[in-house]
Amino acid sequence: MDIILLGPPGAGKGTQAQRLVEHHGMLQLSTGDMLRETRKADTELGHKVADIMDSGGLVSDEIVSAMIDAKLADMGPETGAIFDGYPRTAAQADQLDDILARHGRKLDHVIELEVNEEALVERITGRFTCANCGAGYHDVFKQPATPGVCDKCGSTEFKRRPDDNEETVRKRMQEYRGKTAPILPGYEQRGIVSRVDGMDSIEDVTHAIDAILTR
C-alpha cells in the first residue's frame, strides 16, 4: 500500500509517518531525509545534490524523482511507501504516477491532515526543548513538572527553534495552500483523498488514519 501524507509544517505528518512505520512496516520516504542521505553518498547523484545544496540552489524535480525511483527499486513490493513532502506540485504528482507505474505500484490513499491556522500557530510558537536531551515541551500544553527543570534529564537549559515564530508559521501555511491546491483535485477525481483532523490528539489521528487504511 502506497500513500501520500499531506499537511502543513506542524500538522504532525512526521509523527504519524513514524507510527505507520512502526505499526504497519511501511517505509517513510521524506524528501528532506533522502536529500541528506543522497548528499552523503559517494555517487554521481550524491555529488550533484551536494553541489546544488552547498550553492544554495533548489534541487530539481528530476533529481527528487530520481531519488524516489531509486528508493522504490530497492523496496520489495510487499513494503508500503509513505510519501512525506512529495509531491508538492502538479508536475511532481504526474512524475510520481509515472515512477510508481514503472515499479508496478499505485497510490492507494492521499491523506490530508487538516489544521486550524490559529491553533497551529499556538501549537508551534509555544514549542521548546531541553537543550541537553531534546525532550519536548510547550508553553501551554506540556510544561515540565518542575518549572524550569527537564523531566527527563534534570537540565535547566531550554531552547526554541528560531523559525518557530508566528510570521514564519503563517508564511508556511500560505505556501502549503498554494502548493497543495493544484495537487488535490486530480486525486479527488480518483476518489483516493481522505481528510483527518490534525488538531486531534496524536492517538486519535493515528486511529483515524488506521481506519482509512483498513476500510
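With a sphere of radius 12 Å drawn around the Cβ of residue 176, what net charge do the other residues whose Cβ falls strictly inside it have (Lys, Arg +1; Asp, Glu -1)?
Net local charge, residue 176 excluded: +3.
Pairs of Cα atoms under 8 Å, at least six residues apart: use those to get the relative contact order of the stretch 119-190, whole percent.
30
Taking Cα pairs under 8 Å and at least six residues apart, what relative contact order does the chain come out at, in percent?
Over the chain, the number comes to 27 percent.
Summing +1 for each Lys or Arg and -1 for each Asp or Glu, what net charge is found among the other residues whose Cβ lies under 13 Å from the Cβ of residue 203?
Once positives and negatives cancel, what remains is -3.
Ranked from highest to lowest mean number of other Cβ atoms within 10 Å per residue, what is the order of the peptides 99-110, 117-128?
Result, highest mean Cβ count within 10 Å first: 117-128, 99-110.
Convert 10 °C to kelvin, take the viscosity as 1.306 mPa s, use the Kirkwood radius over C-alpha pairs of the stretch 114-170 as Rh, and evaluate the Stokes-Einstein diffusion coefficient in µm²/s, rounded to a whole number.
Reported coefficient: 133 µm²/s.
Enumerate the whole-percent occupancy of each 10 Å bin, from 0 to the last occupied one, for all C-alpha pair distances of the chain.
7, 28, 35, 23, 7, 0
Just to be sure I understand: of the beta bridges DSSP finds with both ends in the chain, what percent are antiparallel, rounded to 5?
The antiparallel fraction comes to roughly 30 percent.
Multiplying the sequence separation of residue 207 and residue 108 by 0.36 nm and subtracting their Cα-Cα distance, what value in nm do you get?
33.9 nm
Once Rh is set to the Kirkwood radius over Cα pairs, what Stokes-Einstein translational diffusion coefficient, in µm²/s, holds for the stretch 1-77 at a temperature of 20 °C and a viscosity of 1.002 mPa s?
For the chosen part, D equals 155 µm²/s.
So if the hydrodynamic radius of the stretch 36-163 is defined as the Kirkwood radius over C-alpha pairs, what does Stokes-Einstein give as its diffusion coefficient at 4 °C and 1.567 mPa s, in µm² per second?
70
Using a Debye calculation, one point per C-alpha and no hydration shell, please list log10 I(q)/I(0) for the stretch 90-215 at q = 0.17, 0.19 Å⁻¹ in order.
Here the Debye-derived log intensity ratios amount to -1.02, -1.11.
Tell me the mean residue ellipticity at 222 nm calculated for the chain from its helices only (DSSP H runs of n ≥ 4, each -39500 (n - 2.57), averaged over every residue, nearest 500).
One gets -14500 deg cm²/dmol as the mean residue ellipticity at 222 nm.
Please grab the % of Cα pairs in the stretch 46-108 that end up more than 13 Å from each other.
Counting every Cα pair in the stretch 46-108, those more than 13 Å apart make up 65 percent.
Values quoted throughout were computed directly from the atomic coordinates according to the rules given, and no laboratory measurement underlies them. Keep in mind it's a predicted model, so treat the numbers as computed, not measured. Cβ: placed from backbone, ideal geometry, glycine included. Neighbour counts: every protein chain shown.
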